[in-house]
Amino acid sequence: MASEGDMIVRIMLSNLGARFDNDSAPVEALDTDGALKKALILGAFNDSSLDAVRLAAHPWIEEEALNPQPGARTGDKLWFSASAGEDGRIDIRNSQISGSNESAVVYLSFRVFSPRSLVNLLAEPDMPRLAMELRTSDHYTLRINGVEFSHGAVSDGEGVTIENLPLEKGWNHILLKIARGTGNSQWGVSARFVSDDAEYMRSLGSALSRSSLEVTEALK
């Protein structure tokens with residue numbers, strides 16, 4: 001099994017454009033600029049009696065201890081992989097979701113590798129700061145490793161920046177819940193991770209699912 005140091009070196013080289021001859025290479029969720037290029041999606045869940053705020057607040061599934069895998073089932077829904085288009089957006093409306101696009105909720109899942117803990121900012125004020133720039137509509141909830149970290153309204157036009165993401169050292173599960181009310185607007189999502197530390201960003205890794213990251217950890 002590859003050591004943590006080997007993994008960080010591999011991630012840094014990959015983010016600099018290196019390619020490795022290995023058929024077991026993991027499916028990465030982020031591109032070299034930190035933008036979300038692929039995620040697992042589950043949904044849609046619908047309730048026309050709820051607005052976007054209440055749709056996003058409602059626990060449609062067990063959100064705290066998920067381990068999404070491509071093709072796996074949670075309740076009566078299947079997790080499937082969706083990719084961002086040339087505009088950097090994952091098109092939710094025209095993806096393979098079941099259910100309606102109206103008064104709807106979908107979940108997006110992926111994994112992010114951090115070479116160090118970003119949890120205790122007060123104890124280590126010089127630690128890197130990581131944020132997520134998110135654009136979607138109409139409301140979102142962000143969970144990191146099963147714990148709700150942020151929620152609120154968001155628009156495609158302005159977006160929202162979620163500051164000081166508390167990643168643990170190693171692999172972290174990112175779960176976004178996106179809720180949409182009614183209307184004819186497009187329904188998509190784009191996300192990008194940014195940091196004030198360029199070296200830290202070069203060491204940031206990603207994977208579509210736990211099975212994919214387990215492949216990463218097994219690489220020599």
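Quick note: the coordinates plus some simple rules give every number you see, no bench work behind them. Every value quoted in this text rests on a predicted model; they were computed, and no experiment measured them. All Cβ positions, glycine included, derive from the backbone under ideal geometry; neighbour counts span all protein chains shown.
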With the dipole of the range 4-218 defined by +1 on each Lys or Arg Cβ and -1 on each Asp or Glu Cβ, the option from VAL53, ALA198, PHE113 whose Cα lies farthest towards the positive pole is VAL53
Two-site FRET efficiency, SER98 against GLU199, from Cβ-Cβ distance with R₀ of 41 Å, rounded to 0.05: 0.45
If you take the beta carbon distance between ALA65 and SER185 as r and set R0 to 41 Å, what does 1/(1 + (r/R0)^6) give as a FRET efficiency, to the nearest 0.05? 0.75
The size of the Cβ-based charge dipole (Lys, Arg +1; Asp, Glu -1) of the range 4-218 about the Cα centre, to the nearest 20 debye, is 360
How high is the relative contact order of the range 128-185? Use alpha-carbon pairs under 8 Å, at least six apart in sequence, and give a whole percent. 44
Using 1/(1 + (r/R0)^6) with R0 = 30 angstrom and r between the beta carbons of LEU78 and ASP47, what's the FRET efficiency to the nearest 0.05? 0.90
Restricting to DSSP loop positions (anything but H, G, I, E, B) with no more than 14 other Cβ atoms inside 10 Å of their own Cβ, which GluC sites (Glu not before Pro) remain in the range 49-105? GLU62, GLU64, GLU86, GLU102
More than 16 angstrom separation, counting every C-alpha pair in the range 103-162; what % is that? 56
Whole number please: convex hull volume per residue of the Cα set in the range 4-218, in Å³? 124
